[in-house]
Amino acid sequence: MKRPFFFLAIFISVFIWAANFFIKDDCYRPEHISHFVSEKPRSLAINGVVINSPILKHTALGNAYSFLVTPKLIKVSDKWFPACGIISVVSNKDKEVEYGEEILFEAAIRTPSDEKESSSYTAYLKKKGVFALATIRERDALISINANSSSRFMRFAYRMKSLLNKKINEIFSVPARYFISALVTGDRQNISREWKNIFVNTQTIHLLAISGLHIGIISFIILFLAGLFGLPRNTKYIVTILLILFYSVMVGWMPSVARSAIMGVVILGSYILKRDADIYNSLGLAACIILIFQPNQLYDMGFILSFGCILSLAYMYPKINHAFGFDKIDRKEKLGAISYYAATLFSGSLAVWLGLFPIILYFFNMISVISIIVNVLAIPCMFVVMALVASAMIFQPFCAFLGMAFKEATEFFLTILLFLLDVSSKIPFAYFNSAPVNVMVIPLYYFILFTVFFPISIDKDKSL
C-alpha cells in the first residue's frame, strides 16, 4: 500500500476519537489526585517527582518556578495516602528543583475551575492530564528527597536547556531575552499577555512554538558547522539526526517538535539511503508515534494546528503555486530568484491560512486577514533572527567583539519583527472576531475546499 503510515495515522485517530465516546471522564483510580482536591484551595503535603524542566517566570511580584509533579503520596489529616496523576505547581520559593527530582512540599492545592481559569484552559489542562493546581508559598516547606530518580539522559537534556536559558539571559537584554527563549527553547511564560495576543491576532503565534521552521534552521546550522569540520556526507547527516533528536527531547517533545523532528529524521535518513521521502508518509509516521504513546494529543491544539499546517502546505501549496503561475517564474533571470521565493512564501502563507481557517474560526472565533501578508514578511525575519542568535551564542565565549556585534544585530532584527507585528495588529480590519460557529462547518468547509483544489493538476517534479 502506498503511504501506509499516513492511512495508519488516520485509522488511529478515528479509533481514539471513537473510544472517547465509551470512556467516562470520572473513571480514575481512587488514589487519583482529582479525588483529593476541590475548587476551594486546601493546604496539603505532597511527595512526588518533577516530570518536566522547571521554568523560571518573571512576574510583578517576583520570580517563580513553574513545573509539573506526579504525586506518590499525599498527606490528608495527618495520614499519608498513595496518589497518582499530574499536578501543575508554581513555587514562589528561591529553591530550584530539577527534572526527575523527588521532592516533599506543602502547597495550597485546588482543581482548575472555569471561574478562575478560562473554560478552554481548563479543558486544555484536562487533556494534558492535569487535574490539580498547586502554589508553594514562601512559608511552605520544599525539601529535596532524591535528586536522581530519573534517567541520566533526561536529566542531562533538561540541564542543558536550563544552561541554554541562563546563557540567553546573560547575553541578551530585556525584553529580547524573553522572545529569544521562546524561539530557542520554547519557554514563553515570560512573554506578556499583550504580546501573546498580538501574535494570536496576526496568526504568527507559530513563530513562538518550536516547529518545522526552527528544526529546519537548526538542521541547516548543524550541517553548515559539520561541513566546516570536514565531516563526510553521511556522517554529517547522522550527527544532525542525533542532535535534532537531542534538541527535541531537551525542549520537551511537544507535538510540533515531535512532528518536525520525526519528519526531519525521515528526510535526512532518505538522503543517507539515497531514497525519496514522501511527505504524507513522513507526516503519518510522526502522527502514529505521537498518538500511540500519547493518545490525548489528538485533542491538543498544538497537535491539530501543527499537522494541519503541514497537510495544508503539502496539498495546497503546489496547487496555489501552479494556479498563480508562480512555478513558471524563471529563477535564472535578474531578480527571478527573489521574485520566485517571495511568490512561494505567499503561496505557502495562503495555503496555511486556507487550511486552518475553519479550525481557527471554530476554536478562537476569529478571522485574521492580515496574517497572509504578515507571515510572508515575518518568516524571513525569523530566519535571520535565529541565525543571529546562534552566531551570538557561538562567538560570545571566544570573541567578545563578534559576540556583541551578533547580539546587537539579533536585537535589531527582533525589534523590526515585533514592530511589524505590532503595527499589523493595529491596522483597521486586520482581524475580525466572530460569533461561535457550529462544528459541522469544519467538514463542510473542507469538502468545498477539496472540490475547488482537486481539479488543479501539477507536474510531480513541481510538487512539494
## Note on the structure
Of 67-73, 336-342, ordering from highest average Cβ density within 10 Å down gives 67-73, 336-342
### Query
Once both axes come from the Cα atoms, what is the angle between helix 152-171 and the longest principal axis of the chain, in degrees from 0 to 90, rounded to 10?
70
### On Cα atoms only, tilt of 371-395 relative to the major axis of the chain in degrees
70
### Message
Over the Cα atoms, compute the radius of gyration (one decimal) and Dmax (the largest Cα-Cα distance, rounded to a whole number) for region 190-309, in Å.
### Response
15.7, 48
### Query
Helix 212-228 versus the longest principal axis of the chain: what angle, 0 to 90°, nearest 10, using Cα atoms?
80
### Query
Amide H of A45: which non-local residues (sequence gap of 5 or more, or other chain) have their own amide H closer than 5 Å, using H built in the peptide plane?
K75
### Distant-in-sequence amide H partners of M366 (H built 1.01 Å from N, under 5 Å)
L361, S434
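Counting each DSSP H run of 4 or more residues in the chain as -39500 (n - 2.57), what helix-only mean residue ellipticity at 222 nm follows after dividing by all residues, to the nearest 500 deg cm²/dmol? Could you put the intermediate results ahead of the total?
Working: 14 runs with 250 residues, N = 464.
Roughly -18000 deg cm²/dmol at 222 nm, from the helical runs in the chain.
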### Summary
Along principal axes, largest first, the alpha-carbon spread of the chain in whole Å comes out as 79, 59, 51
#### Entry: Extension reserve of the I145-R42 stretch, reckoned as 0.36 nm per residue once the Cα distance is removed
34.8 nm
### Message
Suppose the chain between F7 and K126 were pulled fully straight at 0.36 nm per residue; how much longer would it get relative to their current alpha carbon spacing?
### Response
40.0 nm
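Which values, in whole Å and largest first, are the semi-axes of the equivalent ellipsoid of region 33-150 obtained as the square root of 5 times each eigenvalue of the Cα gyration tensor? Before the final figure, lay out the partial values.
Values: eigenvalues 78, 63, 41 Å².
Equivalent ellipsoid of region 33-150: 20, 18, 14 Å, largest first.
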### Query
Taking every DSSP beta bridge that has both residues in region 33-150, what percent is antiparallel when rounded to the nearest 5?
85
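In region 32-116, which GluC sites (Glu not before Pro) fall in coil by DSSP and have 14 or fewer other Cβ atoms within 10 Å? The partial results should precede the final answer.
Working: sites: E39, E96, E98, E101, E102, E106, E115; in loops: E39, E96, E98, E101, E115.
For GluC sites (Glu not before Pro) across region 32-116 that sit outside H, G, I, E and B with at most 14 neighbouring Cβ atoms in 10 Å, the list reads E39, E96, E115.
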### Query
Past the 25 Å Cα-Cα mark, which pairs from K128/K407; K93/K161; K79/K126; K127/K196; K40/K93?
K128/K407; K79/K126
### Query
Each residue of region 295-306 in turn: what ³J(HN,Hα) in whole Hz from Karplus with 6.51, -1.76, 1.60 and θ = phi - 60°, glycine and Pro shown as x?
x, 5, 5, 4, 9, 7, 4, x, 5, 4, 5, 5
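Which chymotrypsin sites (Phe, Trp or Tyr not before Pro) does region 406-445 hold that lie in a coil by DSSP with at most 13 other beta carbons within 10 Å? It would help to have the intermediate numbers written out before the result.
Details: sites: F406, F412, F413, F419, F429, Y431, F432, Y445; in loops: F429.
In loop regions of region 406-445 (DSSP not H, G, I, E or B), the sparsely surrounded chymotrypsin sites (Phe, Trp or Tyr not before Pro) are F429.
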### Task
Pull out the extension gain between R331 and Y446, defined as 0.36 nm times the separation in residues minus the alpha carbon to alpha carbon distance; nm, one decimal.
38.0 nm
### Query
For K57, which sequence-distant residues (separation of 5 or more, or a different chain) have an amide H within less than 5 Å of its own amide H, given hydrogens modelled in the peptide plane?
A64, Y65, S66
### Message
Residue by residue through region 249-255, what is 3J(HN,Hα) from phi via Karplus (6.51 cos²θ - 1.76 cosθ + 1.60, θ = phi - 60°)? Round to whole Hz and write x for glycine and proline.
### Response
5, 4, 8, x, 6, 5, x
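Each value in this text was obtained by applying a stated rule to the coordinates, not by laboratory testing. Keep in mind it's a predicted model, so treat the numbers as computed, not measured. Counting neighbours? That spans all protein chains shown, and the Cβs are built from the backbone with ideal geometry, glycine included.
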